[in-house]
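What follows is a short report on a single structure.
The values are calculated or read from the model by the stated rules, or taken from the named source; none is laboratory data. Keep in mind that this is a model prediction, so the values were computed, not measured. Counting neighbours? That spans all protein chains shown, and the Cβs are built from the backbone with ideal geometry, glycine included.
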Amino acid sequence: MGKDKLRRFEENRSFKCLYQPEFEEVFRKDYHMKGRWHADHFKNDNPVVLELGCGRGEYTVGLSRRYKEKNFIGVDVKGARLWRGAKSVTEEGISNAAFLRTRIEFIEWLFGPEEVSEIWITFADPQIRRDNKRLTAPMFLERYQKFLKDGGVVHLKTDSPYLHEYTLAMAEKNNLEILNLVKDVYKSIEEEVISGERAELLSIKTHYEEQFLEQGHPITYMSFRLPGNKKIVAPEWDHDRYLR
Ligand SMILES: C[S@@+](CC[C@H](N)C(=O)[O-])C[C@H]1O[C@@H](n2cnc3c(N)ncnc32)[C@H](O)[C@@H]1O
């Protein structure tokens with residue numbers, strides 16, 4: 001392991017905003033913070049917003065600076081990436097943001113019923129063909145239902161037409177209420193189809209996003225409501241269309 005990575009892992013242990021549960025603490029077992037994030041970490045009743053696969057946490061940090069009346073938690077498995085977000089939060093003294101190093105597969109053991117109000121999924125791997133790894137597949141949405149408030153909002157920002165279209169088909173198949181659907185975020189901002197707070201929100205750029213933009217990929221965005229007790233079924237979906 002590189003020296004820089006080791007130094008980051010070492011420093012990660014000092015960040016009060018960063019939680020790094022051991023495998024045994026969260027595998028099929030409730031983590032001690034489950035149902036306790038408001039009371040024990042944020043010490044307020046403000047809504048909790050998760051960013052899944054947050055990497056360096058640009059959305060978690062950007063949104064927490066902008067929305068003081070909400071709490072944000074970035075989740076990722078990679079400690080060296082989380083270090084960046086946790087360092088910014090610590091240096092800036094941001095009290096409404098935290099980070100969690102864990103696998104998203106374990107998430108239902110980390111958050112209690114109705115503990116979370118919104119979920120952001122930022123530039124997740126589309127996981128073509130791997131339904132049990134795709135963050136908007138029924139298996140994951142049904143996990144989110146266990147801790148998301150009834151009708152809580154899921155936001156998806158991606159460069160992947162596959163992930164965008166799959167998620168849209170999923171929302172349509174399950175009659176989920178679609179709140180926003182943007183085919184090209186930056187073109188829409190440039191043409192002032194999107195402006196004000198929404199433009200500001202969608203203009204936060206992540207590390208991966210910068211790379212995709214350089215490669216000329218259009219960035220899409222959608223958001224939808226996820227009801228609490230609805231069985232989620234997969235859309236009919238032609239994976240091969242994206243691989244041809
Ligand atoms: C393509 S990167 C995007 C990172 C960041 N959102 C961005 O836009 O720069 C995907 C991120 O998801 C994380 N990730 C992928 N699968 C995960 C899982 N099962 N549990 C936790 N994190 C995961 C990876 O570590 C990686 O940081």
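In the condition set (1) more than 16 Å from ILE232 (Cβ to Cβ); (2) within 13 Å of the ligand (Cβ to nearest atom); (3) buried (at least 17 other Cβ atoms within 10 Å of the Cβ), PHE140 is compliant with all but (1). Within region 199-218, the residues that satisfy the criterion of being surrounded by 14 or more Cβ atoms within 10 Å (Cβ to Cβ) and either more than 21 Å from CYS54 (Cα to Cα) or modelled with pLDDT of 95 or more (or both) are ALA199, LEU201, LEU202, ILE204, LYS205, THR206, HIS207, TYR208, GLU209, PHE212, LEU213, PRO218. Look at region 116-132: where a residue is of a type in the set (Ser, Thr, Tyr) and a partner is away from the ligand (no atom under 14 Å from the Cβ) and not in a strand (DSSP E or B), sitting 6+ places away or on another chain with Cβ atoms under 7 Å, you get SER117/PRO47. Listed by first and then second residue, the pairs with beta-carbon distance under 6 Å, at least 6 apart or on different chains, first residue in region 34-54 and part of a helix (DSSP H, G or I), second within 16 Å of the ligand (Cβ to nearest atom) and hydrophobic (A, V, I, L, M, F, W, C), are HIS41/ALA98. Considering only residues in region 35-71 that are within 10 Å of the chain's Cα centre (by Cα) and of a type outside the set (Gly, Ala, Ser), the one that is surrounded by the fewest Cβ atoms within 10 Å (Cβ to Cβ) turns out to be LEU52. Anything in region 86-108 that is within 10 Å of the ligand (Cβ to nearest atom), surrounded by 18 or more Cβ atoms within 10 Å (Cβ to Cβ) and either among the basic types (Lys, Arg) or over 15 Å from GLU22 (Cα atoms) (or both)? List them, or say none. ARG101, the sole residue that qualifies.
Under the condition of being β-branched (Val, Ile, Thr) and exposed (fewer than 12 other Cβ atoms within 10 Å of the Cβ), the residues counted in region 219-244 number 1.
Residue pairs whose Cβ atoms lie under 8 Å apart, sitting 6 or more positions apart in sequence or on different chains, and linking a residue in region 147-161 that is closer than 12 Å to ILE119 by Cα to a partner that is basic (Lys, Arg), are GLY151/ARG225; GLY152/ARG225; VAL153/ARG225; VAL154/ARG225.
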